[in-house]
Every structure is written in C-alpha cells, then in structure tokens.
Amino acid sequence: MLAALIAQLQNSIGILHKQDIQTALSILKPEMLQILADIRPGDDCAAIPDGDGYLLLASEGMMPFFVEQDPWFAGWSAVMVNVSDICAMGGRAIAVVDTIWSQSLEQAQPLWAGMQAAAQAYNLPIVGGHTNCHSPYNALSVSILGRATRLITSFDAQPGQQLLMVVDLNGAMHPTFPFWNAATKAEPTRLQTNLALLPHLAEIGLCKAGKDISMGGIIGTTLMLLETSGRGAVLNLESIPRPASTPLETWLTVFPSYGFLLSVDTAQVTLVQKLFRDRQLTCEVIGEINSGSELVLQLQQESISFWDFNHRPLTGFHPEGTT
C-alpha cells in the first residue's frame, strides 16, 4: 500500500511544479547569489534586512485553468496565498499589488471582486499594480510586501526537532480543485487572529523554522523545508490530521487555506500546540527532523524512503556543507 502511494505522490503535479524552481537557481548564478549574500533565496519570501527587522517580499501567479474556471476564487486565493507566505515567515503583511491581463473588462471583474473580498477579509490594502483588459488571454499574479522583526525560515530546521502540522479543519474541499477552503466563509477577525499566531511564535522564540503548506501539499512542502535546511525526516502518515471525508492520498497533495509545517524543539511542542488549539486550530506532531538526507514515509508497519536529496534535488536550493 505504501509503495503504491509513494509512486503516486512522486508523480503528483504539485511536486513536479516544485522541481521547476530549479530553473530559477540556474539563472541566479553564484556571482549574483554572492552579491545578495544577506538574502537567502529558496524561502517563502525574500527576507531583506532592514533596520532592526526584515522587509518580506513575495509573489504568486495563479494557474491559468484556475483563472478561467473560477475567477472569483482565483482572485481571492491570489491575496490569501501571499498573506500566508508573509505570516509563514513570522511577518505581518503591509500591502499587495496585482497584475491582471484579461480579454475584456467584463472578464476582469470577477478577478477584481475576489481580490477585493480577500483584501477586506485580511484587512490588507491593494495599493497598485498593472491592468490590461485587451489581452489575448486571462492571467493574474499578486505580489506582497510585509515586515518581520524575527524570522521563521526554511533554513533552520534542526535534528531532533518535532515536525508539527497546523491546519484549520473547519472548512470543505473545493468542488473542482485540490484545495481545502477554511477561509471564504470564516469571520475576518478569525482569519486575522489565526494568522497573527505565526509572527507571535517567531517573536517569543518558540519557532525558527517552518513553511506554509503550498501547492506541493504536505509532502512537497516537507521536502522544500528539508532541502533548504539540509536535513532529513521521518514522516508518520497516520499522524497527519485530516478531515474524515478526505482520503489520505488526496489530503497529502491538498493546498489548505490555513496550513503550516513548523519545526519545533521537543520541549516547546506542548506550548506551541496550546497556542493553536486555544484558537480551535489543529496542531499535531507528524514527524521528526534528523541529520540525514532522506524523507522517509511511515504507514502502519511500513517505512519507505520517499526522496533522497543526495540523488534527487527538488528545488535545488540546498545548503552545501550543512552540519
């Protein structure tokens, strides 16, 4: 059973898309990375040192079929995923800008409506961008600026730390896409308060490493966290919290509207769990970080290596000489 699941996951579109990031690394030549020595690429946001903190800068483009089939939700999601990236790094969002290409003003309207609804729900202004309503196609991307005083990064997972999954299970699957929606019907104050837990964790020193669960799903996001940290992990699939109505093989590749992986010292796990559970959010230990190079998946009595970074990069952003 586990071998068949692994074969399915290794060919999932979310993980294949993450491998496309290797093209960015091939363009960011070593000399450019040296110029940007204070900015480590490969994280949810670019963290730019600024005074006593960091400016956070990120961008997301929506899949073309998403824009075509559900433009309102694509507009909402474009804002939501950017806000999630900022919070995943211990930051607070400041503002977003958008780029809309549409075939007509009428076709741009639902994209705008979705973005405006999300901006109001997350209390985040849309302050500029680019609009073209005479395009041969419809497309949408959104960029975001945020700020953090202390970071949660993808580079600092340490051996012996527990891997926690935080998720809001008060939602439902999207009828068409692999997306768990716990956002569009939630009260804005709940959305904002729940996201504020991430920078709070960073600022009080309870968590230094983590990522938001993205289109790569739980497995793809775990791989990205391990690769940039130069670590391995054992992931217990039976410990992963999920809705009773969603099969495990589906849930492992789902993008949740509120979902994070956090690498936390064992002594701090109970306190971190309490902070989320007090907000009616699910927070469970699903694995443990180690000093190896592999992600090993466990299910019942089986354990199989899913990915070995020594032989197969994912994004390519791997720290050489990690100790």
Peptides ranked, highest mean first, by Cβ atoms within 10 Å: ranges 207-217, 176-186
207-217, 176-186
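Figure the gain on full extension for Glu238 and Val285 (residue separation times 0.36 nm, minus the Cα-Cα span) and round it to one decimal in nm.
Numbers: separation 47, 0.36 × 47 = 16.92 nm, distance 1.06 nm.
Gain on extension, Glu238 to Val285, equals 15.9 nm.
Given a cut-off of under 8 Å on Cα pairs at least six residues apart, what relative contact order in percent is computed for the range 38-148? Intermediate results must be reported in sequence, preceding the final value.
On the way: 240 pairs, mean separation 41.6, N = 111.
38 percent.
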With θ set to phi - 60°, apply the Karplus curve 6.51 cos²θ - 1.76 cosθ + 1.60 along the range 159-169 and write out the HN-Hα couplings as whole Hz, x wherever there is a Gly or Pro.
x, x, 6, 8, 8, 9, 10, 10, 8, 9, 8
Return, for the Cα atoms of the range 38-148, the radius of gyration and Dmax in Å, separated by a comma.
14.3, 45
Based on DSSP H runs of at least 4 residues, each adding -39500 (n - 2.57), what is the mean residue ellipticity at 222 nm of the chain after dividing by all its residues, to the nearest 500 deg cm²/dmol?
-10000 deg cm²/dmol
7 Å from Cα along Cα→Cβ at both Glu203 and Tyr137: what's the point-to-point distance in nm?
4.2
What residues have an amide H closer than 5 Å to that of Gly292, excluding those fewer than 5 places away on the same chain, when H is modeled at 1.01 Å from N in the peptide plane?
Gly232
Gaussian network model of the chain, Cα within-10 Å springs - most flexible of Leu295, Leu223, Leu248
Leu248
Percent RCO, i.e. relative contact order, over the chain, from Cα pairs under 8 Å lying at least 6 residues apart
22
For the chain, which DSSP H helices look membrane-span-like by this rule: Cα extent along the axis of 20 Å or more and mean Kyte-Doolittle of at least -0.5?
71-88, 105-121, 188-203
Debye calculation, C-alpha points only, no solvent: report log10 I(q)/I(0) for the range 185-315 at q = 0.09, 0.15 Å⁻¹, in the same order as the q values.
-0.27, -0.77
When the chain is treated as a Gaussian network with springs between alpha carbons less than 10 Å apart, the largest mean-square fluctuation among Phe276, Phe155, Phe65 is found at Phe65
Which FRET efficiency value, to the nearest 0.05, do you get for Ala95 and Ser305 by plugging their Cβ-Cβ distance into 1/(1 + (r/R0)^6) with R0 = 45 Å?
0.55
Residues whose modelled amide H sits under 5 Å from the amide H of Arg150, counting only those 5 or more places away in sequence or on another chain, are none
Pairwise label distance in nanometres, Thr270 with Thr246, each label 7 Å out on the Cα-Cβ vector:
3.0
Which residues' amide hydrogens lie under 5 Å from the amide hydrogen of Arg40, considering only partners 5 or more residues apart or on another chain, with H built in the peptide plane?
Ala47
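Compute for the chain: radius of gyration divided by Kirkwood radius, i.e. Rg/Rh, restricted to C-alpha atoms, rounded to two decimals.
With Rh from the inverse mean 1/r over Cα pairs, Rg/Rh is 0.95.
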Given charges of +1 on the Cβ of Lys and Arg and -1 on the Cβ of Asp and Glu, with all other atoms neutral, how large is the dipole of the chain about its Cα centre, in debye to the nearest 20?
380
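No lab work stands behind these numbers, since they all come straight from the coordinates. Note that the structure is a prediction, hence the values are computed from the model and not measured. Reconstructed Cβ throughout: ideal geometry from the backbone, glycine too, with neighbour counts over all protein chains shown.
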